[in-house]
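Read the structure below first, then the notes.
Derivation of every value follows stated rules applied to the coordinates shown; laboratory data play no part. Here the structure is a predicted model, which is why all the values come from computation and not from measurement. Ideal geometry is used to build each Cβ from the backbone, glycine not excepted, and the neighbour counts take in all protein chains shown.
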Amino acid sequence: MPIFIEQSPVKSFTAIGIVLAISFFCFSYLLQRDDSFLAYGHFFGENITRDGYQVIFQPFPFAPMAGDNTTLNFSILDEENLNIHNIFSALIIKDKETNQTIAQIPYKQYMYSDITIPYKFTNNSEYLLTLETRIIGDSKYQAQPLSATFDLIVGDQTAEYFRIIMLYFVSPVCAAIIVAILIYELHWKKRKARKSRPTME
C-alpha cells in the first residue's frame with residue numbers, strides 16, 4: 001500500500017527563528033558596547049580610495065552631538081583589505097563653513113591601522129576631518145602623507161541616524177531573512193517531492 005510521508009515545517013522554522021534571534025542579539029550587543037570595542041576590528045562607513053589604499057571613517061555615536069564623548073574611527077587598508085602595520089597618522093578638524101582649523105591632533109605611531117581618536121565637539125556644526133597618514137615602506141606615502149577628508153555633521157541628525165541604522169543593521173537583517181526563506185522554500189520543496197514518492201510497505 002502506498003504511503004505518503006509529510007514532513008512538519010516546525011523544525012525548519014524554529015532553526016530560522018534561532019538564527020534570526022542570534023543575529024538580532026549580536027547587533028544589539030555591538031550597539032551597546034563601549035567605544036573601546038570598536039578599536040579591534042575594521043570600521044564600516046564612508047570610504048575614500050587613494051592609489052589602492054582605502055581610508056574608512058565612522059564616528060561613534062553615528063550622529064554625534066556637541067558635548068558628546070565622540071570617537072572618530074578610521075581604518076586604513078591596503079589593496080587586499082588588510083591592515084597596514086606601523087603607520088603614523090595625524091588629524092585636522094576644520095569648521096566647514098569658515099574653513100577655520102579648530103583642532104589638530106599631532107602625528108602618532110600606530111602599530112595597526114584601525115585608529116580611534118577621542119574628541120568632544122563644543123558646537124553643533126558641519127566639520128571637515130582630514131586624516132593624514134605616513135606609511136612606512138611606501139616610497140610615496142612615507143615622504144608625503146596619504147590624505148583623506150571626510151564631512152561630519154555634529155547636531156540633530158534624526159534622518160541621518162535612521163539612514164545609517166537602516167543601511168548597516170536593518171538592511172542586512174532583512175536580506176538574511178529573505179535568503180533564509182528562499183533557502184527554506186527550496187529545501188522544503190525538494191524534501192516534499194522526495195517524501196511524496198510512494199513507497200511500498
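Straight-distance candidates among the lysines for linking to K192, with alpha-carbon spacing under 24 Å and chain neighbours fewer than 8 residues away dropped: K11.
A straight chain from T130 to I181 at 0.36 nm per residue would run longer than the Cα-Cα distance by 14.0 nm.
Potential lengthening of the chain between Y107 and N83 amounts to 6.8 nm, from the contour at 0.36 nm per residue minus the alpha-carbon distance.
Peptides 91-103, 143-155, 62-74 ordered by packing proxy, namely the average of other Cβ atoms within 10 Å per residue, highest first: 62-74, 143-155, 91-103. Counting charges near P106 (Lys, Arg +1; Asp, Glu -1) among other residues having Cβ under 13 Å from its Cβ returns a value of +1.
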